[in-house]
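Read-outs throughout are calculated quantities, based only on the coordinates presented, and are distinct from any laboratory measurement. Keep in mind it's a predicted model, so treat the numbers as computed, not measured. Cβ sites come from the backbone with ideal geometry, for glycine too, and all protein chains shown count toward neighbours.
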Amino acid sequence: MSVINKILKSYTKIPLWATNLLAPVYYMIPENKRYGSVYNREMAKLKRIEELSAEEAKKEKDEALEQLVAYAYEHVPYYHELFDSIGLSPTEIKEEKDLVKIPFLTKEILINNREKFLSDEFDKEDLVYLTTSGSTGTPTGFYVQKESPMRERVYCNCMFKDFGLKPDSSRLVMRGKEFWAQKSKGKNWQWDGFKRELSINIFDMTPDNMEEYCKAIEKYKPDFAYGYMSAMYTLCKYIASRNKKLKHQFKGYMAISETVTNEQRRFVESVINARVFSFYGMSERVIIASECKDSTEYHVQPMYGIVEIIDEDDNVITQPGVSGEIAGTGLLNYAMPLIRYKMGDISSWSEKETCKCGSYKKRLTSVQGRKTKDVLIGKDNDVISLASLEVHSEIYDYMARYQFVQEHKGKVTVKAVAVNGNSLTKEKLQKISEVFTKRTNGKIVFTAEETDKIAPKKNGKLSIIDQRLDVSEYL
């Protein structure tokens, strides 16, 4: 067992002041000793593959796929029954292009057959049970092997190093999870020396609290910021409105889980004077990708999982620049293999043949959120994406947070929170309404309303679109 896992077993029982006192000793332990044999084996494998040519790496990936499919047929009841029912032999799947022979897996199928997806070589007691946040309205539970988090850490560390981040880099954390001081003492922030994390309460982003956060940032000087863009955008709006500049320079900000708009990226980068880079991963552990250091396209990690992009008729899209739904096949979790799992998110393959960084890895363009959530419906049943609402305008200077709420087609309410507690004038609200209405050529009439607060969901995420229509009727 790794040193970090041994510590985590008793971590929550130790007072925070004690872990902060002992943390420097922990970080004196070499990285390979801290993380243990699972981490070291996976890191050695990944480093070896990184040095291969594109053709050699493809061969490794295809072999991993072949092994996974053979295992799934032999040990996972769902796939054994599925293959037999369609007359498919696992030996027919030898490379990525052969995946078309296997039917897609949906969230509904997984929920209704969860026990059949478990390998007969594992006991539930020896696995980790995880759930998705239910952003599509239906939370999903699934199992992973106990070493999965440590193996995932390898891929994350390798991706983040391109941005100057190390395994022991300190970070400002803006996520929906409660932290120890918040739960026990009602505090709005805490410093955890063991994790090297400065956590802040993103559910209560008042000016007074954000001033506390700024002072904590200046005291602990986290290397980079990490979390939901909606929270970082709000904090940066406050920082920009302060009478004094923030006396700390972040190395970067890593955005997770939420769709990042161009306006959010531009503004946050201008405030922190550092790169915003986005990370794409799923709770189901089938895909992992991060932005390239030389562009905003996402490099897919091929040994973690295989990515397909499909159209509305479930045909695989190979042409660059053509958008479709993402489906993934995870290569690491043998306890509950997920093959051709539909993610619901939208992307397309890069139109550029090669990447500036020289990597052979396949690249996704910007990933849009769930296809049934990040769209608005026009008066003539037009489907309007969040990305198409992007516009360069002074209206963003008025708002600390905003959200589109749609209950009727062709009509959208823009809930807007003023910057730093100021009020939005009638003229500013009218301007916001006009800019977005014009952006859709009148297909949607936007009406801006001021609100004191836009509450995030229980998981801390804030959707820019609060879609209350059944969008599936229009897709």
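Output the peptides 25-33, 286-294 sorted from most to least packed, where packing is the average of other Cβ atoms within 10 Å over each peptide's residues. Could the numbers behind the result be given before it?
Values: 25-33: 11.3, 286-294: 22.1.
Those peptides, ordered most packed to least, come out 286-294, 25-33.
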Using label points projected 7 Å from each Cα along Cα→Cβ, tell me how many nm separate residue 60 and residue 116, to one decimal. 3.5
Would you calculate, for the chain, the mean residue ellipticity at 222 nm contributed by helices, counting each DSSP H stretch of 4 or more residues as -39,500 (n - 2.57) and dividing by all residues, to the nearest 500? -10000 deg cm²/dmol
I'd like to know which of 316, 366, 202 lies farthest towards the positive end of the charge dipole of the chain, counting +1 on Cβ of Lys and Arg and -1 on Cβ of Asp and Glu. 202
Testing the spin-label approximation: label points 7 Å from Cα along Cα→Cβ at residue 52 and residue 177. State their distance in nm. 3.2
Net charge over other residues, Cβ less than 13 angstrom from the Cβ of residue 208 (K, R count +1; D, E count -1): -1
From the residues 69, 229, 261, which one has its Cα farthest along the dipole of the chain in the positive direction, the dipole being from +1 and -1 charges on Cβ of Lys/Arg and Asp/Glu about the Cα centre? 229
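Treat every Asp and Glu Cβ in the chain as -1 and every Lys and Arg Cβ as +1, leave all other atoms uncharged, and give the resulting dipole magnitude about the Cα centre to the nearest 20 debye. Walk me through the intermediate numbers first.
Numbers: 72 positive and 68 negative charges, 496 e Å.
Computed charge dipole of the chain: roughly 2380 debye.
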Arranged by the count of other C-beta atoms within 10 angstrom, fewest first, what order do 121, 197 take? 121, 197
Taking Rg and Dmax of the Cα atoms in Å as the quantity of interest, determine which of [x] 22.1, 64; [y] 31.5, 99; [z] 23.2, 70 was computed from the displayed structure. [z]
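Ordered by packing density, taken as the mean number of other Cβ atoms within 10 Å over each peptide's residues, highest first, how do 152-162, 36-46 rank? Before the final figure, lay out the partial values.
Values: 152-162: 18.5, 36-46: 16.6.
Peptide ranking by packing, descending: 152-162, 36-46.
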Where does the charge balance sit around residue 35 when Lys and Arg score +1, Asp and Glu -1, over other residues with C-beta under 10 Å from its C-beta? +1
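From Cα pairs below 8 angstrom and at least 6 apart in sequence, can you work out the relative contact order of segment 375-473, rounded to a whole percent? Present the calculation step by step, with values, prior to reporting the outcome.
On the way: 170 pairs, mean separation 33.4, N = 99.
Taking the mean separation of contacting Cα pairs over the length of segment 375-473, I get 34 percent.
Please list 412-420, 93-101 highest first by mean number of surrounding beta-carbon atoms within 10 Å per residue.
Numbers: 412-420: 19.9, 93-101: 15.4.
Descending packing order for the listed peptides: 412-420, 93-101.
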